[in-house]
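The structure under discussion appears below in the form of structure tokens.
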Amino acid sequence: MKKKDLYSKEQRVHQDGTKIYSAHSVTQIAYSTDPRDFGQVATSVPCQAACPAKTNIPGYIRCINEKRYGRAYELNRGANILPGVLGRICSRPCEAACRHGEPDNGESVGICHLKRSCADHKSPMHRILEGLYAPTGKNVAVIGAGPAGLAAAHDLAILGHKAVIYEAWEKPGGMLMYGIPEFRLPRELLMTEINNILRLGVELKTGRTIGKDFTLDDLRNKYDAVVVAAGCTRPRTLGVDGEDLENLYHGLDFMGMINAGEKPYVGDRVVVIGAGFTAVDCARSAIRLGATDVKINIRKTLEYMRIDETEKHEAQFEGIVTHTLVQPSKILGKDGKVTGIEFTRTRLETIDEPPYRVSVPIEDSQFCVPCDSVIAALGQSPDPGVLTEKLEGLDREGNTTPMDGVFAAGDFVTGASDVISAIAGGRKAALAADVFLTGLERKKQVVRLESYATTDRPRSYDFIRKVPMPTIDMEDRLAEATNEVETGYDDEQAHEESKRCYLCNLKYEIDPLRCIYCSACIDVAPKDCIKMVEAIPVNANGTYGEYQESSQWDQVTSITIDNDACIRCGQCYAACPMDCISVTKTEFIEMDVDE
């Protein structure tokens, strides 16, 4: 471990109390692999810990606050490869973890909207930075040009390898190109960010299908390594009678037709089955095809839908109704075409293991709904073809397969998930391939520690309401099906929303050797985040355990700041008469391993 001591308060103060220099004048940076530092960042910076790609969220939000959009874009791109894309369609696990969204703290910060802002507002002359390694002379084939494949190819190119992507469809992007409607993700933006990857020398071969145009063995013989990122392309079926009728579509096929420029027939009355993003995308797309009565039907209740509140709101605004506690039992038809659907009512039942609440059909509760088309958006699974057979037994944690030199990533490994998880998986597979190709571990995760002055964020920022995302009106949505619904924050809106971030990457610490136990910090703290403790145990993995608090002064061994609850208001720092509170900026980063 390389870890230099940061300047302590004693280094800044003579014994007689005369200050030698201020905390603002000297900055020291250290890099730590200590489990206690990893544990602290994971719990104290929950947004970064929740992001599968470990994006430095407080860091880029701070840059937006300072209107350094280019730097904010680079902090994003260094982790998640496609900032402008993810700023529109990310599943936002970071926002679910945001401390601002905890009880009594208001709504979570609009992290995803701010990610989009750094892409929208960076200078048109912005220069993308890449830390390129020397060429290795190694060639790697990547199967699939979806998020996982693109991320793997990008990182392999950065590491000095020649990456060649084989893509079955006509264009790159995978589900980004064919599974998400253009009114949520403009194709020009998508291609710009894809081209930023291809410009590194990544070769793209489209219209090339595994099992038809080449085999896995062909690639193994031709390349030094192979990364399989074939995604999930096989739609899940309803498994009921009538599923072969005309005008019944599977969600992925339906969106693929629309994104290829086709206009599938939907009629006036459309029934959509499914509780995820694809179901909502299909329903909203049906509205744009002229349907007047579109309903989403789910087995559970609204809170179990696998979408965020924004998507629920937009669907409702566009006139889409969601029916809960129903499941399809038969597709009705005449002359080979859909005429209706039979549903069975369900109820929720509690069980003792995940998912804890399951839907159970209610006997003799069937009813029929007339409709002109049905869209079954139940998700996808990996195609059970030659790849699945050959790679059976792959290590889903390490992205390795039973075949030497073959690695796997993304939805092909995990099943249908989300874009940010696929990108994280692709990058992980690239690192595993790099170790195989070079015999060296050239990248590692560390915690970066930087001495810092107290936050300059006023307490009043805590009470700023979340800035809503501006959208176009209904007339403009229907005027052109590809019109982007969300228009993004303008400069001032982005700046206002950025103020709300607590800057959880700032760690406040009390020096127990200088503390006089006056409790001034406790008195001014707006949250219960400063504790009197008698012990702080260390867990088996090296991280700190739960504080053992005490209200008895004769048992108190120190006064400690609980950074899991701290909102970084700086009140304690200002109130301390002994100048014994220090601030350190902490963040996960990826860095080169020393030779």
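Pick out the one residue from Tyr178, Tyr166 that is among the aromatic types (Phe, Trp, Tyr) and within 30 Å of Val435 (Cβ to Cβ). Break it down stepwise before answering.
Details: Tyr178 fails: within 30 Å of Val435 (Cβ to Cβ).
Checking each option against the conditions leaves just Tyr166.
Checking the conditions here, which among Ile530, Ile561 is surrounded by 15 or more Cβ atoms within 10 Å (Cβ to Cβ), within 25 Å of Ala30 (Cα to Cα) and out of contact with any Leu (no Cβ under 7 Å at 6 or more places or on another chain)?
Working: Ile530 fails: within 25 Å of Ala30 (Cα to Cα).
The match here is Ile561.
Determine whether region 376-399 contains at least one residue that is modelled with pLDDT of 95 or more and surrounded by 15 or more Cβ atoms within 10 Å (Cβ to Cβ). Give the steps one after another, and end with the answer.
Filtering region 376-399 down to residues modelled with pLDDT of 95 or more leaves 376-377.
Among the residues that remain, those that are also surrounded by 15 or more Cβ atoms within 10 Å (Cβ to Cβ) are: 376-377.
Among the residues of region 376-399, at least one is modelled with pLDDT of 95 or more and surrounded by 15 or more Cβ atoms within 10 Å (Cβ to Cβ), which makes the answer yes.
Only one of Leu185, Leu176, Leu200 is among the aliphatic types (A, V, I, L, M), at pLDDT 95 or above and over 24 Å from the mean Cα position of the chain (by Cα); which? Spell out how you get there, then give the answer.
On the way: Leu185 fails: over 24 Å from the mean Cα position of the chain (by Cα); Leu176 fails: over 24 Å from the mean Cα position of the chain (by Cα).
After ruling out the rest, the residue left standing is Leu200.
Within region 289-327, which residues are out of contact with any strand residue (DSSP E or B) (no Cβ under 6 Å at 6 or more places or on another chain) and within 15 Å of Ala376 (Cβ to Cβ)?
Filtering region 289-327 down to residues out of contact with any strand residue (DSSP E or B) (no Cβ under 6 Å at 6 or more places or on another chain) leaves 289-290, 292, 298, 301-319, 324.
Once the filter is applied, which keeps residues that are out of contact with any strand residue (DSSP E or B) (no Cβ under 6 Å at 6 or more places or on another chain) and within 15 Å of Ala376 (Cβ to Cβ), region 289-327 yields only Ile298.
Name the one entry in Ile589, Ile567, Ile559 that is in a loop (DSSP other than H, G, I, E, B) and of a type in the set (Val, Ile, Thr).
So the residue among Ile589, Ile567, Ile559 that is in a loop (DSSP other than H, G, I, E, B) and of a type in the set (Val, Ile, Thr) is Ile567.
Grab the strands (runs of 3 or more DSSP E) fully contained in region 314-380, keeping just those with 3 or more residues being over 30 Å from Leu478 (Cα atoms). Full working, then the answer.
Details: elements: 321-323, 326-334, 337-350, 357-361, 367-370, 373-376.
Because the criterion is at least 3 residues that are over 30 Å from Leu478 (Cα atoms), the strands (runs of 3 or more DSSP E) in region 314-380 that meet it are 326-334, 337-350, 357-361.
Let me spell it out: the conditions are (1) assigned by TED's automatic domain parsing to the domain that holds Arg208; (2) among the β-branched types (Val, Ile, Thr); (3) more than 30 Å from Ala225 (Cα to Cα), and Ile143 meets all of them except one. Which number is the exception?
(3)
Report yes if Leu86 is in the same structural domain as Met175 (by TED's automatic domain parsing) and within 25 Å of Ser417 (Cα to Cα), otherwise no. Break it down into steps so the answer makes sense when it comes.
Details: in the same structural domain as Met175 (by TED's automatic domain parsing): no; within 25 Å of Ser417 (Cα to Cα): yes.
The answer is no for Leu86.
Give region 535-564 a look and list any residue that's hydrophobic (A, V, I, L, M, F, W, C) and modelled with pLDDT of 90 or more, or say none.
First pass over region 535-564, keeping only residues hydrophobic (A, V, I, L, M, F, W, C): 535-536, 538, 540, 553, 556, 559, 561.
Ala535, Val556, Ile559, Ile561 - these are the residues of region 535-564 that are hydrophobic (A, V, I, L, M, F, W, C) and modelled with pLDDT of 90 or more.
In the set Glu484, Glu492, which member is surrounded by fewer than 20 Cβ atoms within 10 Å (Cβ to Cβ), closer than 30 Å to Gly261 by Cα and acidic (Asp, Glu)?
Numbers: Glu492 fails: closer than 30 Å to Gly261 by Cα.
Just a single option satisfies the conditions, and that option is Glu484.
Name every residue in region 21-41 that is of a type in the set (A, V, I, L, M), at pLDDT 90 or above and surrounded by fewer than 21 Cβ atoms within 10 Å (Cβ to Cβ), in order of residue number. Talk me through it step by step, then tell me what you get.
Our first condition is that a residue be of a type in the set (A, V, I, L, M); within region 21-41, this holds for 23, 26, 29-30, 41.
Applying the additional criterion that residues be at pLDDT 90 or above yields 29-30, 41.
Residues satisfying the conditions are Ile29, Ala30.
Quick grid of which residues meet (1) out of contact with any Cys (no Cβ under 7 Å at 6 or more places or on another chain); (2) under 30 Å from Tyr73 (Cβ atoms):
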residue	(1), (2)
Lys499	yes, yes
Asn505	yes, yes
Ile510	no, no
Ser519	yes, no
Ala540	yes, no
Gln555	yes, no
Cys576	no, no
Asp594	yes, yes
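Determine which single condition Gly231 fails, assuming it passes every other condition in (1) under 27 Å from Arg77 (Cβ atoms); (2) at pLDDT 95 or above; (3) not charged (D, E, K, R).
Result: Gly231 passes all but (2).
Rundown of residues vs (1) over 21 Å from Lys527 (Cβ atoms); (2) in contact (Cβ under 8 Å) with a residue 12 or more places away in the chain, yes/no style:
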position: Ala53; (1), (2): yes, yes
position: Arg68; (1), (2): yes, no
position: Tyr73; (1), (2): yes, yes
position: Ile81; (1), (2): yes, yes
position: Leu86; (1), (2): yes, yes
position: Ala96; (1), (2): no, yes
position: Arg99; (1), (2): no, yes
position: Glu102; (1), (2): no, no
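Does region 471-483 contain at least one residue that is closer than 18 Å to Gly290 by Cα, in the same structural domain as Gln48 (by TED's automatic domain parsing) and among the hydroxyl-bearing types (Ser, Thr, Tyr)? Don't jump to the end; show me each part of the working.
Within region 471-483, the first condition is being closer than 18 Å to Gly290 by Cα, and the residues that meet it are 473-483.
Filter once more, so that each one left must be in the same structural domain as Gln48 (by TED's automatic domain parsing): 473-483.
Going one step further and asking which of them are among the hydroxyl-bearing types (Ser, Thr, Tyr), we end up with 482.
Yes - at least one qualifying residue is present in region 471-483.
Inspect region 172-185 for any residue being surrounded by fewer than 22 Cβ atoms within 10 Å (Cβ to Cβ), in a helix (DSSP H, G or I) and touching a Leu at 6+ places or on another chain (Cβ under 7 Å) and give the result as yes or no.
no
Which strands (runs of 3 or more DSSP E) sit wholly inside region 197-270 and have at least 2 residues that are crowded, with 19+ Cβ neighbours inside 10 Å? Full working, then the answer.
Numbers: elements: 203-206, 225-228, 248-250.
Because the criterion is at least 2 residues that are crowded, with 19+ Cβ neighbours inside 10 Å, the strands (runs of 3 or more DSSP E) in region 197-270 that meet it are 225-228, 248-250.
Cys572 fails exactly one of the following numbered conditions: (1) in contact with a helix residue (DSSP H, G or I) (Cβ under 9 Å, 6 or more places away or on another chain); (2) without any contact (Cβ under 8 Å) to a residue 12 or more places away in the chain. What is the number of that condition?
Among (1) in contact with a helix residue (DSSP H, G or I) (Cβ under 9 Å, 6 or more places away or on another chain); (2) without any contact (Cβ under 8 Å) to a residue 12 or more places away in the chain, Cys572 violates only (2).
Return the residue satisfying two criteria in turn: it lies in region 429-456 and is among the charged types (D, E, K, R) and out of contact with any strand residue (DSSP E or B) (no Cβ under 9 Å at 6 or more places or on another chain), and of such residues it is surrounded by the fewest Cβ atoms within 10 Å (Cβ to Cβ). Working first, answer last.
Applying the first criterion (among the charged types (D, E, K, R)) to region 429-456 yields 434, 441-444, 448, 450, 456.
When the remaining residues are screened for being out of contact with any strand residue (DSSP E or B) (no Cβ under 9 Å at 6 or more places or on another chain), the result is 441, 456.
On the way: Glu441: 10, Asp456: 8.
Looking at the filtered set, the residue picked out is Asp456.
The values are calculated or read from the model by the stated rules, or taken from the named source; none is laboratory data. A quick note: this is a predicted structure, and the numbers were derived from the prediction, not measured. Ideal geometry is used to build each Cβ from the backbone, glycine not excepted, and the neighbour counts take in all protein chains shown.
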